[in-house]
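The values are calculated or read from the model by the stated rules, or taken from the named source; none is laboratory data. Just so we're clear, the structure is a prediction, and the values are computed from it rather than from any experiment. Cβ placement follows ideal geometry from the backbone for every residue including glycine, while neighbour counts extend to all protein chains displayed.
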Amino acid sequence: MAGITWHYVLKFIITGDAGVGKSSLLIRLTDQRFLANPDPTLGVEFGSKLIKIPDEEKIVKLQCWDTAGTESFRSITRSYYRGAAGCLLVYDVTSRASFIHAQSWLDDVREHADPHLTCILIGNKVDLCEGEMEGSTSRRREVSADEAEKWAKKEGMLFLEASAKSGRNVESAFEQASRDILHKI
Ligand code: GDP
């Protein structure tokens, strides 16, 4: 969408445990690619992209900050919560621990971000569970979509399962969150 102006600039933060795929989701969004062995996230990375919001006739410029997933970086990343309109809270559907830890990431967001911030819970790496309908690889999934959706609802978050590897639901996640934000403006 080069040369196109935008109606809104929205700051997003991407948070969650190290290794859940935050950088990969950002790379997929902005670059349409996937790296099997990306550089470990150090500090904060930034990506920008224009997206058209379906049914809204609005172009949004996303400014996305990928916050590092380790405890030791929390003091650095906290300042990045300020001014954020949206948050992708990411866990890995094959890691129960990353889902459990999502609660403390959400607590952090609630403590430091704008109370009206739109949060979307993302169960990433769903490609690893593909074929589970046939029962072949279902043991790799450690969090059901049903459980995650219930928790998201209870906490007032949107929810999607996604894959940075296949690209499934990556743009959709930002579109749905952006649409929610625009409805609040
Ligand atoms: P971060 O620490 O949260 O930023 O996670 P990374 O983006 O660095 O990803 C950690 C590892 O998971 C890397 O080896 C990625 O290639 C892999 N990964 C990330 N997203 C996906 C995904 O959707 N599917 C699969 N199969 N692997 C993924």
I need every pair where a residue in the stretch 168-180 that is touching a residue at least 60 places away in the same chain (Cβ under 8 Å) has its Cβ under 9 Å from the Cβ of a residue that is surrounded by 19 or more Cβ atoms within 10 Å (Cβ to Cβ) and part of a helix (DSSP H, G or I), sequence separation at least 6 or different chains. Val170/Leu25; Val170/Arg28; Val170/Leu29; Glu171/Arg28; Glu171/Leu29; Ala173/Leu25; Ala173/Leu29; Phe174/Leu29
Residues satisfying the stated conditions in the stretch 152-170, i.e. more than 10 Å from the ligand (Cβ to nearest atom) and either at pLDDT below 95 or over 11 Å from the mean Cα position of the chain (by Cα) (or both): Ala152, Lys153, Lys154, Glu155, Gly156, Met157
Only one of (1) crowded, with 18+ Cβ neighbours inside 10 Å; (2) without any contact (Cβ under 8 Å) to a residue 12 or more places away in the chain; (3) hydroxyl-bearing (Ser, Thr, Tyr) fails for Ser144. Which number is that? (1)
The stretch 1-32 - residue that is touching a residue at least 60 places away in the same chain (Cβ under 8 Å) and of a type in the set (A, V, I, L, M, F, W, C) and, of those, nearest to the ligand (Cβ to nearest atom): Val20
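Yes or no, residue by residue, for (1) modelled with pLDDT of 90 or more; (2) more than 13 Å from Phe12 (Cα to Cα); (3) more than 17 Å from the chain's Cα centre (by Cα):
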{"site": "Phe73", "(1), (2), (3)": "no, yes, yes"}
{"site": "Tyr81", "(1), (2), (3)": "no, no, no"}
{"site": "Val93", "(1), (2), (3)": "yes, yes, no"}
{"site": "Gly123", "(1), (2), (3)": "yes, yes, no"}
{"site": "Asp127", "(1), (2), (3)": "yes, yes, no"}
Asp55 modelled with pLDDT under 90 and over 19 Å from His112 (Cβ atoms): yes
